[in-house]
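The values are calculated or read from the model by the stated rules, or taken from the named source; none is laboratory data. Because the structure is predicted, anything quoted here is derived from the model rather than measured. Positions of Cβ are generated from backbone atoms using ideal geometry, with glycine treated the same way; all protein chains shown enter the neighbour counts.
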Protein chains: 2
Amino acid sequence: MKITDLKTPAFLIDLPKLKTHVQMMTERAQKKSVILRPHVKTHKTAEIAGMQTTPEAPGITVSTLAEARFYQKSGFKDITYAFPITANKLNEAAELSASLPVFNILLDQPQTLSAVEAHGREHGTKFKVFLKVDCGYHRAGVDPSTPESVRLARQLAASDYIEFKGILTHAGHSYHCSNPAEIIEIARQERDVMVQFADRLQENEIACDTVSVGSTPTAMHAPDWQGVTEIRPGNYVFFDKFQADIGSCRMQEVAATVLTTVAAHYPAHNQMLIDAGALALSKDLGADHLGHEISFGAVKNHPHLKIFSLAQEHGLITANDPIAFEKIPVGSLLQIIPNHSCLTAALFPKYHVIEEDQVVDEWTPMRGW
Amino acid sequence: MKITDLKTPAFLIDLPKLKTHVQMMTERAQKKSVILRPHVKTHKTAEIAGMQTTPEAPGITVSTLAEARFYQKSGFKDITYAFPITANKLNEAAELSASLPVFNILLDQPQTLSAVEAHGREHGTKFKVFLKVDCGYHRAGVDPSTPESVRLARQLAASDYIEFKGILTHAGHSYHCSNPAEIIEIARQERDVMVQFADRLQENEIACDTVSVGSTPTAMHAPDWQGVTEIRPGNYVFFDKFQADIGSCRMQEVAATVLTTVAAHYPAHNQMLIDAGALALSKDLGADHLGHEISFGAVKNHPHLKIFSLAQEHGLITANDPIAFEKIPVGSLLQIIPNHSCLTAALFPKYHVIEEDQVVDEWTPMRGW
């Protein structure tokens, strides 16, 4: 089957590019002597997670318990659930702990520690737990400069109902950067904060086996992971317009696109209608902090076109100059490079895997919670 | 089962509110002597579409061909596919035409008319076609003030391969309004443009049986549908924060919420973490044209809280004043009123139907294209 035979909108994965990115990050981790534990939320498929893992580094990171169940059933044996656990999820987490050789959870709240210990007393569970640390992003995690953070680590390490695995952070503020130089600074901060905190725990005689960091921008640009043991990038398998805009990759390296049909020309408004709307692209604004004109993705091979508006199934394209409509007839196919490939991929019940203009495979991601 | 037993995030539908809205719009259409052909893209379930239709008004509107197939299989017999058709979708559309007593498509491009006629010559198909009209929204449709619009209508009416059904518009610019008075103006424009165009077609001896309009804001506020035969609102079954903000409903009437768990408190940043992120809420900004502070939804019963940031599974809440954390302990459940219920609903593989604090049913929407 050829790309031109597909129904639109469709989510396309360029297999050679995907393989290049997977290999690049695997080699980068090996070269820098850190374990790669990829975040698979970007794609949620067994196929890509299989490519990303190796016998030496079999672990993955997931964003939901449903993902953990899916990967457990798909044969993965070492999973970190990278969202702070809550009391109402402990039964599900306990089932996963029982069915997996390694199932790690995250915690950063004293109240949740109490709930984990109560669960342990009642059910005899012993969870593998990371302390989630805020390295400057301010989304989640303890502030490692406070006495409370060391106190919580000590409580985790001392608990009868917990196997304390180490400390974990996500430098999501790397997404606020404008260029690789800025990303390198965030990567240094991510490393420094975590290594200093691990040292503080050591001084307090709290063993901290794993120091886990990661975001695709910092994983691409970190000059040094000395003291870090594990990285958890995810987006790198596809990359996207955001990553290209901030300098994590080049636009032509993005491995995921949305195939769409030009449904109409409206020359009076210098507009075209495509059948990729908010449900095909997501309303992620991309790297809007860079002050670019808003576009809900880039149109491959047509860099002057902007997707300026999305309704549920309608996408509207315009340009600053008059569009050369005759070069893009009604019925033409376009490929849209998504602003944020994780959110775009999540909207599709299946992915079409391509090599040049051929569809070579079809993968089914997991969905829901 | 109680709401408190559900896994989070979960999409909740308040059944009594839903029924009230369904009945309200059905009665409104009957009272004003127009046929209600609800747009079911908001929910994509057989259950709600069943409530919205009657023996006298059995028709529905869909946004994708996959929805049309789902509803055909679910026993619906009168479906309008409300996105301009393209040549690459004609085979699928022909199958639907063959399997449904009424299957209407939209067209606004001369090139697409040529494709439809070529398909008819080759396959013997005769499509039921609406001319899509732009009543001022400038998303899709012919400009009814131009000679080209009448020419295209004449070609549709004269074609051997087309049954010309009438004219259809969507006043999506009602979503740019700030209050009911402005919406009433758009509703008048929507009606006036369409009725005047129907009159022009009549003068040109082009029969135009159906004059179809519709958006939830204009359907809620139109003072007069004289000359209109059909309305196609969709969002009204749930409403959402956007509709409340522009005055289509009151916030307490919104029938859809996302149930989420408070995962962490971060008093140093006056922030709370919830387990409803971009994949549970969508990144729709809501009625940002009103100049409100950005919030990705409203927190029910906590109007001072703002959801200021969404990552894939992380939602971050703050407030202008210090949050009373002790009133919303870690582990608490919150309900989020979505900015745009259509996009939020589309992210969930199932819906939980509630009456007060009880879960009374579970509905499975269709997904994909």
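Among the residues of the stretch A:257-293, those identified as part of a loop (DSSP other than H, G, I, E, B), more than 7 Å from every other protein chain (Cβ to nearest Cβ) and under 24 Å from residue A:330 (Cα atoms) are A:270, A:276, A:277. Go through the residues of the stretch A:193-202 one by one and say whether even a single one is within 17 Å of the chain's Cα centre (by Cα) and among the hydrophobic types (A, V, I, L, M, F, W, C). The answer is no, given that none of the residues of the stretch A:193-202 is within 17 Å of the chain's Cα centre (by Cα) and among the hydrophobic types (A, V, I, L, M, F, W, C).
Within the stretch B:312-340, if we keep just the residues that are out of contact with any strand residue (DSSP E or B) (no Cβ under 8 Å at 6 or more places or on another chain) and not in a loop (DSSP other than H, G, I, E, B), the residue that is farthest from the other protein chains (Cβ to nearest Cβ) turns out to be B:327.
The test for being assigned to a loop (DSSP other than H, G, I, E, B) and in contact with an Asp or Glu (Cβ under 9 Å, 6 or more places away or on another chain) does not hold for residue A:302.
Considering the stretch A:341-366 alone, what residues qualify as being within 12 Å of chain B (Cβ to nearest Cβ) and part of a loop (DSSP other than H, G, I, E, B)?
Selection gives A:346, A:347, A:348, A:349, A:350, A:364, A:365, A:366.
No other residue among B:126, B:89, B:73 is within 14 Å of chain A (Cβ to nearest Cβ) and among the basic types (Lys, Arg) apart from B:89.
Residue-level check: of (1) of a type in the set (Ser, Thr, Tyr); (2) away from chain A (no Cβ under 14 Å); (3) surrounded by fewer than 23 Cβ atoms within 10 Å (Cβ to Cβ); (4) in contact with a Phe, Trp or Tyr (Cβ under 9 Å, 6 or more places away or on another chain), residue B:309 misses just (2).
Every residue, every condition in (1) in contact (Cβ under 8 Å) with a residue 24 or more places away in the chain; (2) of a type in the set (S, T, N, Q); (3) farther than 16 Å from residue A:359 by Cα; (4) touching a strand residue (DSSP E or B) at 6+ places or on another chain (Cβ under 8 Å), yes or no:
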position	(1), (2), (3), (4)
A:1	yes, no, no, yes
A:8	yes, yes, no, yes
A:24	yes, no, yes, no
A:37	yes, no, yes, yes
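When the stretch A:1-16 is examined, which residues are found to be under 8 Å from residue A:258 (Cα atoms) and either at the interface with another protein chain (Cβ under 9 Å from one of its Cβ atoms) or part of a loop (DSSP other than H, G, I, E, B) (or both)? The answer is A:9, A:10. Answer with yes or no whether residue A:33 is more than 10 Å from chain B (Cβ to nearest Cβ) and part of a loop (DSSP other than H, G, I, E, B). Yes. Given the criteria at pLDDT 95 or above, of a type in the set (Asp, Glu) and within 16 Å of the chain's Cα centre (by Cα), does residue A:245 qualify? Taking the combined requirement at face value, the residue does not satisfy it.
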